[in-house]
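This report concerns only the one structure given below.
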Amino acid sequence: MLAGVLIFAGGKLLLESVLFEHQFRENYQPQRVMTAIGGPGEKGVDLFKVRRIVSAKHHAVREPLMETKISFTLNGKARSVTTDPQRSLLEVLREDLRLTGTKYGCGEGQCRACTVLVNGASTASCITSVADVDQQAVTTIEGLADGDKLHPVQAAFLSEGAFQCGYCTAGMVMGVVGALTENPQASESEVMAKMQKHICRCGSYVKYSKAIKRVLAPSGKGHA
Amino acid sequence: MNTRLPPGGIGQPDYEELNYDELVERVDYDFGLSRRSFVKVFGAGLLIAVSLPALAQESGRRGGRDGAQSLAARIHLGKDGTITVLAGKVEGGQGARAELTQAAAEELGVPAGQVQLVLADTSLVPDDGGTYGSGTTPRTVPSVRRGAAAARKLLFEFACAQWKVERGAVEMREGKVFHAASQRSLSYADLANSDNAAKLFEQSVPPEVELVAVKEWQVLGTPVSRPNARDIVTGVHQYPSDIARPGMLYGKILRAPAFGARLVSIELAPAKALKDVVVVQDDQFVGVAAPNSSLAGDALDKISGTAKWTTAPQPSSQELFEYLKQNADGGVPPNPFAGEFAGAKVLRQTYQVPYIQHAPLEPRAAVAEWKDGKLTVWTGSQNPFAIRGELSRAFHLADERVRVVIPDFGAGYGGKHTGECALEAARLAQAADKPVSLRWTREEEFTWAYFRPAAVIEAEASLDAGGKIATWHFINLNSGPSAVETPYSVGKKNCRYVASKPALRHGSYRALAATANNFAREVFMDELAAAAGADPLAFRLAHLEDRRLQAVLGKVAQEFDWIGRRQKKGANLGTGLACGTEKGSVVAAAVEVEVDHEHKSFKVRRVCQAFECGKILNPANLLSQVQGGIIMGLGAALREEMQFADGKILNASFRKYPVPRFDDVPELDIHLVDRPDLASAGAGETPIIVIAPAIANAVFHATGVTPRSLPVRLLGA
């Protein structure tokens, strides 16, 4: 069963089921997939996660692992949870830590409603195990504003009224923040290439694009 | 559990239950409410200036046109100046919250920010009917305006009586009534603190009350943003899937391996042996609840392999259209004009529209909590009172023992009328004796939520010597009657919807069957125009008497430069247009596509749309709705299609069912036509209906081959 799901690329395991880029898209880059699966940095693939995703995909019986203490920085504060390390970061954020701003949309990294930052990088928390963020820094939508002062990306989305139902909004905000954290000088096309991963089913893309333009050109130049 | 929607398998669809034609027979509700629970909801600081028994008698008329029959049921004035407006509509991203807030603020004469709007809590709000059919704008907005205007009238009367002055001597200014001569003012808080305020609000909302004239509007007609928008960008807003209750468990439901499968037996012991896990079986319903989702998933995994099922043959998407024709109720009706064709040019075509999914980004979710024999469910649905009815019937409870709350949720597009998730969560919570949160997975949402119906549409028309349509025969099989009638003037016509046996459980969709019927009709119009040797725009205008449709077509033709673009057609380019009317609004669109002959693919480069829905209430929100309708229409035109075989959905994920993304968005040129002389119509649906046909027509123009199936594919692709 596993053979059909796991493929090797560059000496590392890749999961077919988490190839979040559309297969028909030209900008599909295996390296970016690695980053998404393996989490940030050079960690590569977490086998706990592989097991978890494969068993979820194929309805195989998953054996819970021994509860483990996992410590990380969450929105600037030290946190630790003691739980099955295979659980997704998304689930632990929402159910154990009650940070529900991060949303479930698909469970396989396809829609990016679950985007959080791990060490500043935009990460799909639904396909990231909580074990992956041990000793890492996680930022969620709740950690973005400075008190009453919105992050510029939040402010831009708000002033453009960019969303409709808003369920994808937190993920969109985190996606843009992640793109700009990774490269503060990123061009509009570079940011938009990354935002391809995000789905807004209400089709608010035009207003989102406008809001992103506003972030990139706060002075108004180049702002349509 | 006695539900009519077996959670483990899909039985024969129940049309009433599915609410497919949005004319569901609904019971008359009669709910009670204690002052205590009311104050709890609104906060103890707010003193209610109305008598609560007035609320208790509220009941929505069938269709929910004007749920609030007393002023108290619509508006509460707090003694502290708080103004709370109550409505039975839901906010799923379509903009009801902003629009209803504006409606109330306009008539009360206060800024929008001063109005607190409570939506869709069945224990608090009047039954304004479900949120569908573009009904909020034409029905609930006027209803809220009348209530608010009546409240304002009371304030005027109160002030005039206090000051013993004539009505003409006072005016509304900054949310207060002013008497200029004496420099006195009175506010809604003063009215709330007056002795007989409660009694005044017991009166019914007068059907005729003076409303603010459109030309005087200060709040309506302006781009007021969603009142809770800030909570969306900060992640603070709690969607149904975010609701948490003390001691809450997380649920998972055993799903059948295929549609029509019946559970014969299952071994529950392995799950029951797990610590802190609750396992429930109630006939076909099997579910578990545990302290977190992983544990619930593990528990379900332990038992799902032991389940034994019987299966029944199911149709597949390969044979879908043949199946729908074979099962047409009474057969496919013949063309009654077949004997009148002598010498005429006759065209006959068949169009096919597949099943698709709404796929709202928030899958179905519900939190259920039982307390003292009463059930409260927070869920995402377009139909709060109908869900309450489903719950009360399923659990044999009186309606007043069930409370359904709909927090602003992650969209529906016609796909969230039913309460299956609420029922499942409630059954788990009943067994667990703890609150349970049940969130469907994406796969469940793709598989077990109802689908937009598939259609086979047979069209036949004859042209007279002058190139006008002499006879028009148009039959929709399976998908529904919306827009089955043609808006064009034709000699004789026979437009009908014929039911078939649905291959999947189907239900409502954005604009219902109008997406299918407009696709077929508008593509057929282009084929007829070609047969008549006429330009598609000229051919349509020659058959149109509806001035509003003429106007939007004309607007699009002008803005798109239809004649210019059509004439200077490049080798790989094509242009197409379509128009239509639905739910009291009119729309036209022109598109340009670029075809890649080598790869048998195409891209939509440009969409120009003109949309008119009477007087515009909120231009910013309207623009969002039009953009959203276009993008959703683009998905259905380009890619969306459910694939199924042996009772299984084969593409139940966003990877296999690719919905539009940023780079699919063409250049959009949208023209919102404001008609202050016309009543406002809803706008959540109609903008979608012209997109697929305009694209198909553009592909026809580019390639010479008409696409007659959705999604649009090039010949040989």
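Only one of (1) within 30 Å of B:ALA149 (Cβ to Cβ); (2) more than 12 Å from chain A (Cβ to nearest Cβ); (3) small (Gly, Ala, Ser) fails for B:SER225. Which number is that?
All conditions are met except number (2).
Would you mind stating whether A:GLN164 is buried (at least 24 other Cβ atoms within 10 Å of the Cβ), within 7 Å of another protein chain (Cβ to nearest Cβ) and in a helix (DSSP H, G or I)?
It is false that A:GLN164 is buried (at least 24 other Cβ atoms within 10 Å of the Cβ), within 7 Å of another protein chain (Cβ to nearest Cβ) and in a helix (DSSP H, G or I).
Restricting to the stretch B:136-145, count the residues that are crowded, with 23+ Cβ neighbours inside 10 Å and not β-branched (Val, Ile, Thr).
Total satisfying the criteria: 1.
When you go through (1) within 14 Å of another protein chain (Cβ to nearest Cβ); (2) out of contact with any helix residue (DSSP H, G or I) (no Cβ under 9 Å at 6 or more places or on another chain) one by one for B:ALA344, which number turns out not to apply?
(1)
Do you know which residues across the stretch B:312-326 are in contact with a strand residue (DSSP E or B) (Cβ under 9 Å, 6 or more places away or on another chain) and either in a loop (DSSP other than H, G, I, E, B) or within 14 Å of chain A (Cβ to nearest Cβ) (or both)?
B:ALA312, B:GLN314, B:PRO315, B:SER316
Count, please, the residues in the stretch A:87-101 that happen to be part of a loop (DSSP other than H, G, I, E, B), at the interface with chain B (Cβ under 7 Å from one of its Cβ atoms) and in contact with a strand residue (DSSP E or B) (Cβ under 9 Å, 6 or more places away or on another chain).
Of the residues in that region, 1 qualify.
Which one of the conditions (1) among the hydrophobic types (A, V, I, L, M, F, W, C); (2) more than 25 Å from B:GLN550 (Cβ to Cβ); (3) buried (at least 24 other Cβ atoms within 10 Å of the Cβ) does B:PHE451 fail to meet, given that it meets all the rest?
(3)
Can you tell me which of (1) free of Cβ contacts under 8 Å to residues at least 24 places away in the same chain; (2) part of a helix (DSSP H, G or I); (3) among the β-branched types (Val, Ile, Thr) is the one B:THR140 doesn't meet?
(1)
So B:LYS568 clears everything in (1) modelled with pLDDT of 95 or more; (2) surrounded by fewer than 18 Cβ atoms within 10 Å (Cβ to Cβ); (3) basic (Lys, Arg) except one condition, right? Which one?
Going through (1) modelled with pLDDT of 95 or more; (2) surrounded by fewer than 18 Cβ atoms within 10 Å (Cβ to Cβ); (3) basic (Lys, Arg) one by one, B:LYS568 breaks only (1).
For A:LYS194, are the conditions met, namely being over 25 Å from B:GLY95 (Cα atoms), modelled with pLDDT of 95 or more, part of a helix (DSSP H, G or I) and within 12 Å of another protein chain (Cβ to nearest Cβ)?
In short, yes.
Of all residues in the stretch B:373-420, count the ones that are at negative phi and away from every other protein chain (no Cβ under 14 Å).
31
Looking only at the stretch B:370-381, decide whether some residue is part of a strand (DSSP E or B), in contact with a helix residue (DSSP H, G or I) (Cβ under 6 Å, 6 or more places away or on another chain) and small (Gly, Ala, Ser).
Within the stretch B:370-381, not a single residue is part of a strand (DSSP E or B), in contact with a helix residue (DSSP H, G or I) (Cβ under 6 Å, 6 or more places away or on another chain) and small (Gly, Ala, Ser).
Among the residues of the stretch A:102-145, count how many are in contact (Cβ under 8 Å) with a residue 60 or more places away in the chain and within 11 Å of the chain's Cα centre (by Cα).
21
Looking at B:VAL367, is it of a type outside the set (D, E, K, R), under 22 Å from B:ALA449 (Cβ atoms), within 14 Å of chain A (Cβ to nearest Cβ) and in a strand (DSSP E or B)?
So B:VAL367 fits the description; yes.
Test each condition in (1) buried (at least 24 other Cβ atoms within 10 Å of the Cβ); (2) free of Cβ contacts under 8 Å to residues at least 60 places away in the same chain for B:ALA425 and report the one that comes out false.
The one condition B:ALA425 does not meet is (2).
Does the stretch B:279-311 hold any residues that are more than 7 Å from every other protein chain (Cβ to nearest Cβ), buried (at least 20 other Cβ atoms within 10 Å of the Cβ) and over 17 Å from B:PRO257 (Cα atoms), and which are they?
B:VAL279, B:VAL280, B:VAL288, B:ALA289, B:ALA290, B:LEU295, B:ALA296, B:ALA299, listed by residue number.
Evaluate the stretch B:664-674: report whether one residue or more is β-branched (Val, Ile, Thr) and either over 20 Å from B:VAL552 (Cα atoms) or more than 14 Å from chain A (Cβ to nearest Cβ) (or both).
Here is the first cut: in the stretch B:664-674, the ones β-branched (Val, Ile, Thr) are B:665, B:670, B:673.
Those left that are additionally either over 20 Å from B:VAL552 (Cα atoms) or more than 14 Å from chain A (Cβ to nearest Cβ) (or both): B:665, B:673.
Among the residues of the stretch B:664-674, at least one is β-branched (Val, Ile, Thr) and either over 20 Å from B:VAL552 (Cα atoms) or more than 14 Å from chain A (Cβ to nearest Cβ) (or both), which makes the answer yes.
Hey, among the residues in the stretch A:167-190 that are of a type in the set (A, V, I, L, M, F, W, C), assigned to a helix (DSSP H, G or I) and more than 11 Å from chain B (Cβ to nearest Cβ), which one's farthest from B:PRO360 (Cα to Cα)? Steps first, please.
Pass one, the stretch A:167-190, residues of a type in the set (A, V, I, L, M, F, W, C): A:168, A:170, A:172-174, A:176-177, A:179-180, A:186.
Narrowing the set further to residues that are assigned to a helix (DSSP H, G or I) leaves A:170, A:172-174, A:176-177, A:179-180.
This time we only want the ones that are more than 11 Å from chain B (Cβ to nearest Cβ), so: A:176-177, A:179-180.
On the way: A:VAL176: 22, A:VAL177: 24, A:ALA179: 26, A:LEU180: 28 Å.
Checking each candidate, the answer is A:LEU180.
In the stretch B:473-497, what residues are crowded, with 24+ Cβ neighbours inside 10 Å, assigned to a strand (DSSP E or B) and in contact (Cβ under 8 Å) with a residue 60 or more places away in the chain?
Within the stretch B:473-497, B:LEU477 is the sole residue that qualifies.
Output the number of the condition that A:ASP134 fails; it satisfies all remaining conditions of (1) under 24 Å from B:ARG230 (Cα atoms); (2) surrounded by fewer than 24 Cβ atoms within 10 Å (Cβ to Cβ); (3) away from every other protein chain (no Cβ under 13 Å).
For A:ASP134, the failing item is (1).
Starting from residues that are of a type in the set (Lys, Arg) and surrounded by fewer than 21 Cβ atoms within 10 Å (Cβ to Cβ), keep the ones in the stretch A:197-213 and report whichever is farthest from the other protein chains (Cβ to nearest Cβ).
By that ranking, first place goes to A:LYS213.
Name the residues in the stretch B:344-359 that are crowded, with 21+ Cβ neighbours inside 10 Å and either at pLDDT below 95 or out of contact with any strand residue (DSSP E or B) (no Cβ under 8 Å at 6 or more places or on another chain) (or both), would you?
Within the stretch B:344-359, just B:ALA359 meets the criteria.
The values are calculated or read from the model by the stated rules, or taken from the named source; none is laboratory data. Note that the coordinates shown come from a computational prediction; the quantities given were computed from them, not determined experimentally. Neighbour counts are summed over all protein chains in view; Cβ atoms, including those assigned to glycine, are modelled from backbone coordinates with ideal geometry.
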